[in-house]
1. Looking at this structure, is Ala194 under 24 Å from the mean Cα position of the chain (by Cα), closer than 19 Å to Leu247 by Cβ, among the aliphatic types (A, V, I, L, M) and open to solvent by less than 40 Å² (accessible area, probe 1.4 Å)?
2. Considering only residues that are within 21 Å of Ala194 (Cα to Cα), of a type in the set (Ser, Thr, Tyr), within 13 Å of the ligand (Cβ to nearest atom) and within 17 Å of the chain's Cα centre (by Cα), which ones fall in segment 214-265?
3. Could you tell me which numbered condition Leu187 fails, if it satisfies all but one of (1) open to solvent by less than 40 Å² (accessible area, probe 1.4 Å); (2) over 18 Å from Asp162 (Cβ atoms); (3) at pLDDT 95 or above?
4. Which ones in segment 326-336 are open to solvent by 30 Å² or more (accessible area, probe 1.4 Å), closer than 21 Å to Asn133 by Cα and more than 6 Å from the ligand (Cβ to nearest atom)?
5. Kindly state which strands (runs of 3 or more DSSP E) lie completely within segment 41-92 and contain at least 1 residues that are touching a residue at least 60 places away in the same chain (Cβ under 8 Å) and of a type outside the set (Gly, Ala, Ser).
6. Taking only pairs six or more apart or across chains, which ones have beta-carbon atoms under 6 Å, a first residue in segment 176-192 that is outside any helix (DSSP H, G or I), and a second residue that is away from the ligand (no atom under 12 Å from the Cβ) and among the small types (Gly, Ala, Ser)?
7. Within the set of pairs 6 or more residues apart or between chains, which connect a residue that is in a loop (DSSP other than H, G, I, E, B) and open to solvent by 60 Å² or more (accessible area, probe 1.4 Å) inside segment 257-273 to a residue that is within 8 Å of the ligand (Cβ to nearest atom) and of a type in the set (D, E, K, R) with Cβ atoms less than 9 Å apart?
8. Identify all residues within segment 259-302 that are touching a strand residue (DSSP E or B) at 6+ places or on another chain (Cβ under 6 Å) and either closer than 22 Å to His205 by Cβ or modelled with pLDDT of 95 or more (or both); write none if there are none.
Amino acid sequence: MAALKFAGLDDTDSEEELPPGWEERTTKDGWVYYANHLEERTQWDHPKSGKRKRVAGDLPYGWEQETDENGQVYFVDHINKRTTYLDPRMAFTVEDNPMKPNVKQKYDGNTTAMEVLEGRDLSGKVFIITGANSGIGFETAKSVALHGAHVILACRNPSQADEAVCRILKEWHKAKVEAIALDLASLQSVWEFAETFKSKNLALHVLVCNAAVFGLPWQVTEDGLERTFQVNYLGHFYLIQQLKDVLCRSAPARVVMVSSESHRFPYIKNNSGKLDLNLLSPSKKEYWAMLAYNRSKLCSILLSNELNRRLSPHGVTSNALHPGNVIYSSIHHNWWVYTLLFTLARPFTKSLVRA
Ligand SMILES: NC(=O)c1ccc[n+]([C@@H]2O[C@H](COP(=O)([O-])OP(=O)(O)OC[C@H]3O[C@@H](n4cnc5c(N)ncnc54)[C@H](OP(=O)(O)O)[C@@H]3O)[C@@H](O)[C@H]2O)c1
């Protein structure tokens, strides 16, 4: 420092430069704060300019934010395989003006998938979306395909899957979309789907586990399990197992579980607090369609959390989401009561493009 001082090089009039002993850091949600190592304290205001700042925009491609055991945020650059405590967006901070808080959210319940993706180039990214021939799965497949992604529609009904592919190609003839048969009610079919996909030697950047059934009468699959449990949860679990290696090789990659708010209502433990497998795939006597659906959605969230814990060190993250309540799709078609409910609620609930 002394040498710099005498050379006049530490004498900068930049009010952005930090005095010795200070370090600039970011919080999880992008606020910049300042750590004074000499006095062992932190503050929000820049020690010279007194300004408060936030980082702007998303992390660069290939970067991910993590938190260490002390709660400090750090950043992983998956492409160059390095880790740093310095936010790579620190060079692009914006000033925060406490007098004029920006209360407008970037996205809300009215935002469509196309709006979220505006300006994004997804070319080179490979997506698999289960149940992509209709509803939320179709809207997701269409939106990412129209932004350049290569999308595999994983559907149980080949003619409906081909029709969905045609509908996307009609919007953009250069879209990279194809269908591969997948029946989540059959472990054999899941395995065959994974083998077909792997034989294409593609990467896999995003696996969207979207397919589901709701309100079914009690049925047993060819694998001897209750159908709602197998389609909504176990089939996806097995699919992820089959594709785990491809996801890890393609990192940064992610799994997205389309769950539901209704996961909050059921229990899956017995009286002694242990996981009760009989509750997951119940007998006809103990079956209630709504409860089976809610349990399968709870299982999806638990799976997503555990996957994230195990795979995020390998660059594969997992998140579960709730798309919104009573969205008018074909999910209600198994019982007229649900169809009536969804129809009555339709004017007040989100449309598919917003889900
Ligand atoms: N709609 C809502 O209000 C709502 C609310 C919360 C959560 N969600 C979740 O959102 C996701 C999408 O639902 P959605 O509303 O878009 O309903 P949807 O239009 O009925 O979509 C469900 C998809 O799953 C597919 N599927 C069903 N059984 C399958 C199987 N055995 N193998 C492979 N695919 C199968 C269906 O294919 P077929 O066309 O061949 O049946 C369909 O493509 C689901 O996970 C659902 O639980 C929806």
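The values are calculated or read from the model by the stated rules, or taken from the named source; none is laboratory data. No experiment lies behind these values; they were computed from the predicted model shown. Virtual Cβ from ideal backbone geometry, glycine too; neighbours counted across all protein chains shown. SASA here: full protein model, heavy atoms, side chains in, ligands and nucleic acids out. Shrake-Rupley method; radii C 1.70, N 1.55, O 1.52, S 1.80 Å.
1. In short, yes.
2. Of everything in segment 214-265, just one residue is within 21 Å of Ala194 (Cα to Cα), of a type in the set (Ser, Thr, Tyr), within 13 Å of the ligand (Cβ to nearest atom) and within 17 Å of the chain's Cα centre (by Cα), namely Tyr233.
3. All conditions pass for Leu187, except number (1).
4. Result: Tyr328, His333, Asn334, Trp335.
5. 63-67, 73-77
6. Correct list of pairs: Val177/Ala145.
7. Listed pairs, sorted by first residue: none to list.
8. Residues satisfying the conditions are Ser259, Ser300, Ile301.
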